[in-house]
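Accompanying notes for the structure given below.
The values are calculated or read from the model by the stated rules, or taken from the named source; none is laboratory data. Source: prediction; values computed, not measured. FYI the Cβ positions are ideal-geometry reconstructions off the backbone, even for glycines, and counts take in every protein chain you see. Protein only, heavy atoms only, side chains kept; ligands, DNA and RNA dropped before computing areas. Shrake-Rupley method; radii C 1.70, N 1.55, O 1.52, S 1.80 Å.
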Amino acid sequence: MPTRRSLRVRPLIVGAVAAVAAFGAVLVMPDANAAAGTLGAAAAQSGRYFGTAIAASRLGDSTYATVAAREFNMVTAENEMKPDATEPQRGQFSFNSGDQIYNWATQRGLKVRGHTLAWHAQQPGWMQSLGGSALRQAMIDHINGVMAHYRGKLAAWDVVNEAFAENGSRRSSNLQSTGNDWIEVAFRTARAADPSVKLCYNDYNIENWTYAKTQGVYNMIKDFKSRGVPIDCVGLQTHFTGGSSLPSNFQTTLSSFAALGVDVALTEVDVTNASTSQYAGLTQACVNVPRCIGITVWGVRDGDSWRSSESPLLFDNGGNKKAAYTSVLNALNAAGPAPTTSPTSPGGTTSPSPSTPPSGTGRIVGAQSGRCLDVPNASQNNGTRVQLYDCNGQANQAWALSSSRQLTVYGNVCLDAAGAGNGSAVQIYSCNGQANQQWNVNSNGTITGVQSGRCLDVWGTGNGQQVQLYDCNGQANQRFTLS
Ligand code: G3I
């Protein structure tokens, strides 16, 4: 049994040359200077999304719908998936307007974030009048009912919204009065209800790192991660009003949350008078943090905003681009490609450049083993780990790299990282548009996870060797050819 070290140090110059040659034959290198012309496309260059809140009642407005579909690749329902909308009577769920937004978005290739499951506000009347164990059970039932409807369909859920007070303690609410564990109960319930969707905590006034509320939320996330409470992301609403503007330490806040092992996202951005410098700065802070996965503005045109008198958005009432739009687009376009090295990996790894995907399907062959990336027994079950196996030309070894950097097999099942750390399993899972299912196929033969920055890696060369994530090390056991 060869040791890991012996695999790493074995010189495989021939394999490396072959890998580069093979990629060169089938892939076209992207133009590093190409600037995308829409917010969504510009964000996608670095593996991120750019979204907007959508109100179902406005979708009939052609200017609104045209701008939204053109510019954004992620959508949040502004009010239509909140508890008062989705469970107006206890046990009677209503998804009409939520589905209207979901269908409108997905028919245009836009992904959808769910907002929100447990919140002190916008509760239906029957829920507002509950307390104690009855409210706790109602919250659990609500999460189960709504998540069952959208199971497997959404990119993320804001499971809990705005649960902290400005002083960093828990906000007093009927939910809080059911017991301090209500938030973790919500997250555990959500994970069981839909294991495929990212689970987020979402709040406002948590952008300034030194602010008490930021620290309160940070400590909760840290505690959840240490105790295994399922949580995948933190949404920073980023409502910058006259009294709350872009803090100079915003990037520190994002990277500090990310260092806990969660994704971060800016989920409801709007800025008083759409300050170009604040919009550019908040965008730059996100693109500087590898685990900042996307930005959502809270509405399309100024007049669509809950703060319309402050003209806080990127389009004016006529649907024209404002100066802030250009500052955001430029910051997105200036961002490099998706991160390819782990922020925690040791220095010395190179940053290979992602390549444009080929069309059609092909094999992914290990440079060291000559064996193919294979789904055991042609399984289509979520969670099946992929392995190396003798190439056989069959469907369980036929992969396609999509323009959104998904590696798919059987047409619609995605290569998926079960975690982001060293040794995380690489498996198949229903495609959900998330960063753990996005891959950069690099010119040096490595395939790196957009979420983790780590490389596809195998410990050995034989049939059945499982594929995992590992810090990129430049060795042949992390190089593959697509053919
Ligand atoms: O649809 C009814 C309409 O029929 C009625 O005539 C009218 C009378 O006031 O109200 C309309 O509903 C309003 C709804 O927006 C749709 O426009 C509600 O009153 C109003 O309260 C509601 O406001 C929403 C607010 O959340 C409620 O908390 C905003 O649209 C929405 O942008 C805002 O979003 C929140 C996020 O969910 C969480 N973070 C803060 C953010 C801004 O407050």
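Using a 1.4 angstrom probe, figure out how much accessible area the chain has per residue, in square angstrom, rounded to the nearest whole.
Working: 17780 Å² over 483 residues.
The answer is 37 Å² per residue.
Could you tell me what fraction of 2.2 N^0.38 Å the Cα radius of gyration of region 229-304 comes to, as a two-decimal ratio? List each step's numbers first, then the result.
Numbers: Rg = 12.5 Å, N = 76, 2.2 N^0.38 = 11.4 Å.
So the Cα radius of gyration is 1.10 times the expected 2.2 N^0.38 Å.
Tell me what the chain gives for mean residue ellipticity at 222 nm when only DSSP H runs of n ≥ 4 count, each as -39,500 (n - 2.57), the sum divided by the residue total, rounded to 500 deg cm²/dmol. Please list the in-between numbers first.
On the way: 13 runs with 136 residues, N = 483.
When only DSSP H runs of four or more count, the value is -8500 deg cm²/dmol.
Can you tell me what the convex hull of the Cα atoms of region 363-483 projects to on average, as an area in nm²? Before the final figure, lay out each step's value.
Numbers: hull surface 24.5 nm².
For region 363-483, the mean projected area of the Cα convex hull comes to 6.1 nm².
Kirkwood hydrodynamic radius (Cα pairs, Å) of region 191-259? Display every interim value, and only then the final one.
Values: mean 1/r = 0.0777 Å⁻¹.
After inverting the mean inverse Cα-Cα distance, the result is 12.9 Å.
Within the accessible area of the chain, what % is carbon and sulfur when the probe is 1.4 Å and the other protein chains stay in place?
For the chain, the apolar C and S fraction of the accessible surface comes to 50 percent.
Starting from the alpha-carbon convex hull of the chain, give the projected area averaged over all orientations, in nm².
Values: hull surface 89.9 nm².
Mean shadow area of the hull around the Cα atoms is 22.5 nm².
Starting from the Cα of Lys111, draw a straight line to each of the lysines and keep only those under 21 Å, dropping any in the same chain fewer than 8 residues away.
Cross-link targets: Lys82, Lys153, Lys198.
Suppose the chain between His120 and Arg385 were pulled fully straight at 0.36 nm per residue; how much longer would it get relative to their current alpha carbon spacing?
Details: separation 265, 0.36 × 265 = 95.40 nm, distance 4.04 nm.
91.4 nm is the gain from fully extending His120 to Arg385.
Working from the pairwise distances between different alpha carbons, so that the mean of 1/r is found and then inverted, what is region 31-150's Kirkwood radius in Å?
Taking every pair of different Cα atoms in region 31-150, averaging 1/r and inverting gives 15.8 Å.
Bin width 5 Å, origin at 0, all Cα-Cα pairs of region 128-176: what percent of pairs per bin?
In whole percents, the pair-distance histogram is 5, 16, 21, 22, 17, 13, 5, 0.
Peptides 40-51, 63-74: what's the order by average Cβ count within 10 Å, highest mean first? Write down the numbers at each step before the final one.
Numbers: 40-51: 24.3, 63-74: 20.3.
Highest mean packing first, the order is 40-51, 63-74.
Within a Cβ distance under 15 Å of Ser311, other residues only, what is the Lys/Arg minus Asp/Glu net charge? Write out the running numbers ahead of the final one.
Numbers: positive: Arg301, Arg307, Lys321, Lys322; negative: Asp270, Asp302, Asp304, Glu310, Asp316.
Here the charged neighbours net out to -1.
Shape of region 92-204 from its Cα gyration tensor (a ≥ b ≥ c, root eigenvalues): rounded if a/c is under 1.5, otherwise prolate when a/b > b/c, or oblate?
Numbers: a/c = 1.87, a/b = 1.62, b/c = 1.16.
Judged from the Cα gyration tensor, region 92-204 comes out prolate (a/c at least 1.5, a/b above b/c).
Running Debye on region 51-100 with equal point scatterers at the Cα sites and no solvent, what base-10 log of I(q)/I(0) appears at q = 0.19, 0.27 Å⁻¹?
The computed values of log10 I(q)/I(0) come out as -0.63, -0.99.
Rounded to a whole number of µm²/s, how large is the Stokes-Einstein D of region 172-296 at 37 °C and 0.692 mPa s, given Rh as the Kirkwood radius over C-alpha pairs? Please list the in-between numbers first.
Values: Rh = 15.1 Å.
Estimated diffusion coefficient is 218 µm²/s.
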